[in-house]
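Report on the following structure.
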Amino acid sequence: MSAAKIKKGDTVIVLSGKDKGKSGEVTKAMPRDGKVVVGGINMMTRHKKPSQANPNGGLERIEAPMAVSKVAIKDPTTGQPTRVGFKMLDDGRKVRVAKKSGAQIDA
């Protein structure tokens, strides 16, 4: 990827898989791996052995990374999933824009 279309803090909608249709905020972006971690989405259970820090051990629910192709940015105006484009402003800044509505995503 040349420029980050989905960044940490973006609100995204899941397009496929068990959480299809759900939305959440990106908590971690991994552009080299092409993956994102979305809060409350793609939860998995990890079995933890007892340790000194956690003497009981037990089950731990964590968010697993998912492919960036499975999510789309939520359009700021319509709330629907949209693709991301780029636009140069008059002052020379490059901003992200929603393809469906043309609304600016970056503040």
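Remarks
- Here Lys87 is the anchor, and the aspartates and glutamates within straight C-alpha reach of less than 19 Å, apart from those fewer than 8 places off in the same chain, are Asp10, Asp75, Asp106.
- Two-site FRET efficiency, Asp91 against Arg61, from Cβ-Cβ distance with R₀ of 35 Å, rounded to 0.05: 0.20
- The residues Thr82, Thr77, sorted by heavy-atom accessible surface at 1.4 Å with ligands and nucleic acids left out, run Thr77, Thr82 from largest to smallest.
- Label-to-label distance, Thr78 versus Lys100, with points set 7 angstrom from Cα along the beta-carbon direction: 0.5 nm.
- Relative contact order of the chain: 20 percent, from C-alpha pairs under 8 Å at least 6 residues apart in sequence.
- Matching the structure-derived Rg and Dmax of the Cα atoms in Å against the labelled list [x] 17.1, 59; [y] 14.5, 42; [z] 15.4, 53 gives the label [x].
- Distance violations [Cα-Cα > 29 Å] among Lys28/Lys48; Lys28/Lys49; Lys48/Lys74; Lys74/Lys94; Lys8/Lys99: Lys48/Lys74
- Taking a sphere under 13 Å around the Cβ of Glu60 and counting the other residues whose Cβ falls inside, with K and R at +1 and D and E at -1, yields a net charge of +3.
- For segment 13-107, the set of GluC sites (Glu not before Pro) satisfying both a DSSP loop assignment and a count of at most 12 other C-beta atoms within 10 Å is empty.
- Of the residues Lys28, Lys35, ranked by 1.4 Å probe accessible area with the largest first, the sequence reads Lys28, Lys35.
The values are calculated or read from the model by the stated rules, or taken from the named source; none is laboratory data. Every value quoted in this text rests on a predicted model; they were computed, and no experiment measured them. For neighbour counting, all protein chains shown are included, and Cβ atoms are generated from backbone atoms with ideal geometry for every residue, glycine included. These area figures cover heavy atoms from the full protein model, side chains too; ligands, DNA and RNA do not enter into them. Shrake-Rupley method; radii C 1.70, N 1.55, O 1.52, S 1.80 Å.
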